[in-house]
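Engineer: Below is the structure I would like to discuss, written out as structure tokens.
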Amino acid sequence: MQVIREADNYIPSGKPLFLALGNFDGVHLGHKKLITTLLDRARQDNGTAAAFIFEPHPSKVLFPERAPKMLVTAEQKAELLKKLGMDLLIYHSFSLEMARWTPEDFVKRVLVDLLHIKEAFVGFNYSFGHRGAGTPEMLQSLGEGYGFKVHVISPVRVEDEVVSSTLIRRYLEQGAIDKAKEMLCYYPLLEGRVVKGDRRGAALLGFPTANLQVEEDVIVPGKGVYAARVRRKGEWLPAVVNIGNVPTFLSGDAISIEAHLIDFEGDLYGETLGLNFYRKLRDERKFGSIEELKAQIGKDRDAARDLLLSQPLPGL
């Protein structure tokens with residue numbers, strides 16, 4: 001899959017362009033339905049299957065203090081779209097100037113003048129243009145005027161709930177990994193760089209941990225202890241992960257992400273690790289003594305090991 005930064009750099013190949021519009025955060029089941037529909041049409045017409053995504057997310061430019069945390073990074077999103085079979089991904093910068101464009105401005109300047117699309121594919125709740133005034137129905141009307149067809153994809157439901165990135169974020173914040181996984185169709189993931197900690201895990205508890213630093217705009221599951229797999233240099237390793245304030249030792253609101261790689265010995269400092277969460281084992285809580293905490297961590301490790309032995313490896 002080719003990745004282009006800025007639609008201005010797109011060079012028509014001579015093939016018709018079938019374009020998915022949206023943010024596609026998480027590339028969840030709803031997104032997959034849209035992408036699959038697009039791929040079918042593109043293959044029928046020997047066309048190019050592409051996605052157009054604003055980066056950064058428009059809300060980060062317009063309302064940075066209220067912008068939602070993302071389910072995946074831009075790089076992870078590209079990998080997920082590549083696995084689905086997309087030919088082209090266009091990341092286009094969003095700016096305050098562009099935020100003032102009318103819906104028709106966006107259609108003419110980008111979809112028609114720059115990309116020359118044949119067909120567009122959008123979700124049922126897609127919005128575009130100044131103050132999000134553009135609707136799927138408006139896009140269909142504009143498409144008729146400019147000579148391209150628009151497909152509006154209906155919502156996907158899981159247990160009577162409409163799958164959405166917002167709902168998946170809510171489930172992650174609650175630690176409901178199984179619910180999030182069902183809507184994503186893969187184990188929720190997080191990536192971070194191992195940074196120096198206070199070595200409390202190894203020195204005091206006998207359970208060395210990797211302290212992960214993640215991107216600020218990526219969502220972290222709610223506080224608690226999780227069974228997870230860690231991706232390191234192409235290998236998947238079982239782990240137990242604590243997300244929280246470490247209340248037994250510290251006070252304050254700072255959130256730490258500490259991963260204990262089960263039966264692993266080695267120096268991880270400076271490495272980038274991927275985490276895939278399988279299940280929340282328990283809530284974080286304060287213990288009365290170090291010995292009590294050590295005993296519980298041992299139980300958590302054993303529970304995580306037993307759980308992961310029966311689970312398939314992540315797809316990403």
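The values are calculated or read from the model by the stated rules, or taken from the named source; none is laboratory data. Since we're looking at a predicted model, the values are computed, not measured. FYI the Cβ positions are ideal-geometry reconstructions off the backbone, even for glycines, and counts take in every protein chain you see.
Engineer: Which condition number does E119 fail, the rest of (1) crowded, with 18+ Cβ neighbours inside 10 Å; (2) out of contact with any strand residue (DSSP E or B) (no Cβ under 6 Å at 6 or more places or on another chain); (3) of a type in the set (D, E, K, R) being met?
Structural biologist: That leaves (2) as the condition not met.
Engineer: If I168 satisfies all but one of (1) part of a loop (DSSP other than H, G, I, E, B); (2) surrounded by 16 or more Cβ atoms within 10 Å (Cβ to Cβ), what's the number of the condition it fails?
Structural biologist: (1)
Engineer: Next question, about the same structure. Would you please name the residue that is farthest from A239 (Cα to Cα), looking only at residues in region 267-297 that are touching a residue at least 40 places away in the same chain (Cβ under 8 Å) and assigned to a helix (DSSP H, G or I)?
Structural biologist: Residue satisfying both the conditions and the ranking: I290.
Engineer: Going by the conditions given, is G143 assigned to a loop (DSSP other than H, G, I, E, B), more than 26 Å from the chain's Cα centre (by Cα) and either modelled with pLDDT under 95 or under 19 Å from G22 (Cβ atoms) (or both)?
Structural biologist: No: the conditions fail for G143.
Engineer: Would a scan of region 69-82 turn up a residue that is under 15 Å from A120 (Cβ atoms), in contact with a Phe, Trp or Tyr (Cβ under 7 Å, 6 or more places away or on another chain) and surrounded by 22 or more Cβ atoms within 10 Å (Cβ to Cβ)?
Structural biologist: Scanning region 69-82, I find no residue that is under 15 Å from A120 (Cβ atoms), in contact with a Phe, Trp or Tyr (Cβ under 7 Å, 6 or more places away or on another chain) and surrounded by 22 or more Cβ atoms within 10 Å (Cβ to Cβ), so the answer is no.
Engineer: While we're here: Condition test on L142, is it within 24 Å of D45 (Cβ to Cβ) and not hydroxyl-bearing (S, T, Y)?
Structural biologist: So L142 passes the test.
Engineer: If we scan region 45-53, do we find a residue that is among the hydroxyl-bearing types (S, T, Y) and in contact with a strand residue (DSSP E or B) (Cβ under 8 Å, 6 or more places away or on another chain)?
Structural biologist: yes
Engineer: For region 22-68, which residues satisfy the criterion of being within 18 Å of the chain's Cα centre (by Cα), buried (at least 20 other Cβ atoms within 10 Å of the Cβ) and small (G, A, S)?
Structural biologist: Within region 22-68, G22, G26, G30, A51 meet the criteria.
Engineer: Consider only pairs whose beta carbons are under 6 Å apart and that are at least six residues apart or on different chains; among these, list those whose first residue lies in region 26-40 and is over 11 Å from L81 (Cβ atoms) and whose second residue is in a helix (DSSP H, G or I) and among the polar types (S, T, N, Q).
Structural biologist: G26/S165
Engineer: To continue, here is another question. Yes or no: region 195-207 includes at least one residue that is at pLDDT 90 or above and more than 30 Å from Q140 (Cβ to Cβ).
Structural biologist: Yes; the residues of region 195-207 include at least one that is at pLDDT 90 or above and more than 30 Å from Q140 (Cβ to Cβ).
Residues checked against (1) more than 30 Å from S289 (Cβ to Cβ); (2) in contact (Cβ under 8 Å) with a residue 60 or more places away in the chain; (3) in contact with a helix residue (DSSP H, G or I) (Cβ under 6 Å, 6 or more places away or on another chain):
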residue	(1), (2), (3)
L111	yes, yes, no
L114	yes, yes, yes
N125	yes, no, no
P136	yes, no, no
Q140	yes, no, no
R169	yes, yes, no
V195	no, yes, no
L212	no, yes, no
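Engineer: Here is a follow-up. Which of (1) more than 27 Å from the chain's Cα centre (by Cα); (2) assigned to a loop (DSSP other than H, G, I, E, B) does P312 not meet, given it meets every other one?
Structural biologist: (1)
Engineer: Please verify whether region 75-86 includes one or more residues that are hydrophobic (A, V, I, L, M, F, W, C), in contact with a helix residue (DSSP H, G or I) (Cβ under 8 Å, 6 or more places away or on another chain), modelled with pLDDT under 95 and part of a loop (DSSP other than H, G, I, E, B).
Structural biologist: The answer is no; no qualifying residue exists.
Engineer: So, I53, is that one free of Cβ contacts under 8 Å to residues at least 60 places away in the same chain, over 19 Å from I168 (Cβ atoms) and either part of a strand (DSSP E or B) or of a type in the set (A, V, I, L, M) (or both) or not?
Structural biologist: no
Engineer: Now, a different point. So, L89, is that one buried (at least 21 other Cβ atoms within 10 Å of the Cβ), more than 17 Å from I153 (Cα to Cα) and touching a strand residue (DSSP E or B) at 6+ places or on another chain (Cβ under 9 Å) or not?
Structural biologist: yes
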